[in-house]
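A short worksheet on the structure shown next.
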Amino acid sequence: MTLLNDPRTRRRRLGVGAAAAGLLAALLTAGPAVATPDPGDGTATSKEVSKSAQAEVRDAIRSGEIPGQDEIVHSDNIEHLTNIPKDSLPGTNSDLAFQGRYAFAGNYDGFRVFDIKNPKKPKTVAQVLCPGSQNDISVSGNLLFLSTDSSRSDSSCNSTTQPATEKSSWEGMKVFDITDKRNPKYVAAVETACGSHTHTLVPERKNVYIYVSSYSPDASYPDCQPPHDGISVIKVPRKAPERAALVGFPVLFPGEGPDGGGNPGGPTNPGVSKTTGCHDITVLPSEDLAAGACMGDGILFSIKDPERPKVIDRVQDNENFAFWHSATFNQKANKVVFTDELGGGGAATCNAEIGPDRGADGIYD
């Protein structure tokens, strides 16, 4: 199944005006972008926690094994060097990318470029106002990629928030040329179904492929229809990034009916997120492998043909995992670690009420 001709995932080219707008912006008009929260970002479902387990948590806090509330701890080999105020982009900071002497910081209001040659005194090289959560960021060569996972009025950097129920709303990937780090240029935008919560690059010599992770479809969203059981694949030619385009939507969880074939979640599996897409993907190009954390499932797939990734294995853990959040390979490429985001980033659940047996790092051979 592909969505190449589906209007929900149609590509929009940028006009000259849109490409020029919002670059190296000074900022003050940016309002907070509306984010698509992780399904785990609510209060976690607590199970019956024994008094002994609660006592175990309290003892760990008292002994210092677990930091207390508002307590700041760090390893002996870590030194705090500096703090950089948000300056012109007051939104929530999201992700970081590094290339040589530069660091690129995503922010719900855009992104910032730092010169980190002297790590004790980072210098701001550019600030680009381009609102749209989460603005997950990555770089490859002279190209920078930015995820938009909030419903916008259009693909420009001057867009405003707009309900996802409106067909004209836009979400997806933005591409910038960063040949001149002091003056990034907005060169392309590609709309993707359900936007782009995170994205992962598969770089080649001639092209950069982008695996777009998004989720939480709704029948009332014209551009984000259920079951949304796959990922969007974008191809970006390095020498002509303005020709970036969607090249496929591989179905990772085939199944009949409106719910697809992913983890059904509750009530079948209480406390587990229903799989309606992926949250994050990690690639290991040297081994032609990728691992996907997909809400209620962990998957391993082959990327030998980067335009057509194929699932080769799949795991679930309905006892320990609430929301499959991220995946990481070891250096030998014989193990992958999947991480649970119990409670989400906005609802910490490392506490006595939830207990020590919920949430997990799953290590798979």
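Derivation of every value follows stated rules applied to the coordinates shown; laboratory data play no part. From a predicted model like this one, the values you see are computed outputs, not experimental measurements. Cβ sites come from the backbone with ideal geometry, for glycine too, and all protein chains shown count toward neighbours.
Applying both filters, DSSP loop and at most 11 other Cβ atoms within 10 Å, to the trypsin sites (Lys or Arg not before Pro) of the stretch 306-365 gives 332.
Contact order, relative form, for the chain: 15 percent (alpha carbon pairs under 8 Å, 6 or more residues apart, mean separation divided by residue count).
Mind scanning 86/120; 239/335; 185/239; 174/239 and naming the pairs with a C-alpha gap bigger than 26 Å? Checking Cα-Cα distances, 239/335 exceed 26 Å. Overall, the anisotropy analysis places the stretch 55-202 in the oblate class: the square-rooted eigenvalues a ≥ b ≥ c of its C-alpha gyration tensor yield a/c not less than 1.5, with a/b not exceeding b/c. Take each peptide in 276-287, 137-148, count the other Cβ atoms within 10 Å of every residue, and average; sorted highest first, the result is 137-148, 276-287.
Each residue of the stretch 191-207 was assigned a 3J(HN,Hα) from its phi angle through the Karplus curve 6.51 cos²θ - 1.76 cosθ + 1.60 (θ = phi - 60°); the sequence is 6, 10, 4, 6, x, 9, 6, 9, 8, 9, 9, 10, x, 10, 5, 8, 9 Hz, with glycine and proline shown as x.
Taking a ≥ b ≥ c as the square roots of the Cα gyration tensor eigenvalues, with a/c under 1.5 meaning rounded and otherwise prolate when a/b beats b/c, else oblate, which class fits the stretch 255-365? Kindly include the intermediate steps, with their values, before the conclusion.
On the way: a/c = 2.39, a/b = 1.37, b/c = 1.74.
Here the stretch 255-365 falls in the oblate category.
The residue 220 and residue 62 beta-carbon pair, evaluated with R₀ = 51 Å, returns a calculated FRET efficiency of approximately 0.55. When only the Cβ of Lys, Arg, Asp and Glu is charged (+1, +1, -1, -1), the dipole of the stretch 255-365 relative to its Cα centre reaches about 180 debye.
Which shape class, rounded, prolate or oblate, goes with the chain when its Cα gyration tensor gives a ≥ b ≥ c as root eigenvalues, a/c under 1.5 marks rounded, and past that a/b bigger than b/c marks prolate? Oblate is the answer for the chain, as a/c is 1.5 or above yet b/c matches or exceeds a/b. Residues whose amide H falls under 5 Å from that of residue 279, counting only those 5 or more places apart or on a different chain, are 293, 294, 295, with hydrogens built in the peptide plane. In sequence order, the stretch 219-230 has phi-based couplings of 4, 8, 9, x, 9, 8, 8, x, x, 6, 9, x Hz under the Karplus curve 6.51 cos²θ - 1.76 cosθ + 1.60, θ = phi - 60°, and Gly or Pro positions carry x.
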